[in-house]
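Asks: Can you keep this structure in mind? I'll have questions shortly.
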Amino acid sequence: MSQLDKAMVNQVVELGNRMHEIRRHLSQITMQLQNAERERAIARLSLNHIDQLPESTNTYKPIGKMFVLENKEDLKRQLNESMKQSAEDSAAKTSLRDQFVTKLKENE
């Protein structure tokens, strides 16, 4: 095997490793994006249910294995913040995912 063939084989192996690494990152980002979307959907559903409750209803916030009495307006504010943060995370992850898809196409 000539020196040129060895160099070509090394380049092919390196390119294959790089593509594998990009695919791994892409799948991680896709899972993180799905988790952010799931969190946003849960917060939206919770907020809709809380909005339907009468003002006199006690609301509780889950913390680990316990529930803490929380003011309805504070709970709504926290859910809105959670939705906003999930939307920002989702936008950032989408941008990052698009970058990895572009890199993957360039390496193919």
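The values are calculated or read from the model by the stated rules, or taken from the named source; none is laboratory data. Quick caveat: nothing in here was measured; it's all calculated off a predicted structure. When we count neighbours, we look across all protein chains shown, and the Cβ atoms used for this are built from the backbone with ideal geometry, even at glycine. What goes into the accessible areas is simple: the full protein's heavy atoms, side chains included, and nothing from ligands, DNA or RNA. Shrake-Rupley method; radii C 1.70, N 1.55, O 1.52, S 1.80 Å.
Asks: Pick out the one residue from 10, 80, 17 that is at pLDDT 90 or above and either open to solvent by 80 Å² or more (accessible area, probe 1.4 Å) or in contact with a Leu (Cβ under 9 Å, 6 or more places away or on another chain) (or both).
Replies: From the options 10, 80, 17, the qualifying one is 80.
Asks: Return the residues of segment 20-42 that are under 13 Å from the mean Cα position of the chain (by Cα), loosely packed, with under 12 Cβ neighbours inside 10 Å and among the charged types (D, E, K, R); say none if nothing qualifies.
Replies: Correct list: 38 only.
Asks: Given (1) over 30 Å from residue 98 (Cβ atoms); (2) at pLDDT 90 or above; (3) open to solvent by 100 Å² or more (accessible area, probe 1.4 Å), identify the lone condition not met by residue 56.
Replies: Evaluating residue 56 over (1) over 30 Å from residue 98 (Cβ atoms); (2) at pLDDT 90 or above; (3) open to solvent by 100 Å² or more (accessible area, probe 1.4 Å) leaves (2) as the failure.
Asks: Could I ask something else about it? Scan (1) open to solvent by less than 90 Å² (accessible area, probe 1.4 Å); (2) at pLDDT 90 or above for the single condition residue 100 breaks and write down its number.
Replies: Here residue 100 clears every test but (2).
Asks: On to the next question. Starting from segment 5-25, keep only residues that are in a helix (DSSP H, G or I), then list their pairs with residues that are among the aromatic types (Phe, Trp, Tyr) and open to solvent by less than 100 Å² (accessible area, probe 1.4 Å) whose Cβ atoms are within a distance under 6 Å, requiring at least 6 positions of separation or different chains.
Replies: Short answer, once both residue conditions are applied: 22/100; 25/100.
Asks: Assess whether residue 67 counts as being touching a residue at least 40 places away in the same chain (Cβ under 8 Å), hydrophobic (A, V, I, L, M, F, W, C) and either open to solvent by 40 Å² or more (accessible area, probe 1.4 Å) or closer than 21 Å to residue 33 by Cβ (or both).
Replies: In short, no.
Asks: Using the structure shown, decide if residue 93 is assigned to a helix (DSSP H, G or I), charged (D, E, K, R) and open to solvent by less than 90 Å² (accessible area, probe 1.4 Å).
Replies: Criteria met by residue 93.
Asks: Still on this structure: So which residues in segment 44-63 are in contact with a helix residue (DSSP H, G or I) (Cβ under 9 Å, 6 or more places away or on another chain), more than 19 Å from residue 85 (Cα to Cα) and in a helix (DSSP H, G or I), if there are any at all? Spell out how you get there, then give the answer.
Replies: If we filter segment 44-63 for residues that are in contact with a helix residue (DSSP H, G or I) (Cβ under 9 Å, 6 or more places away or on another chain), which is where we start, we get 44, 46-47, 50-51, 53, 55, 57-61.
Adding the requirement that they be more than 19 Å from residue 85 (Cα to Cα) leaves 50-51, 53, 55, 57-60.
Selection gives 50, 51.
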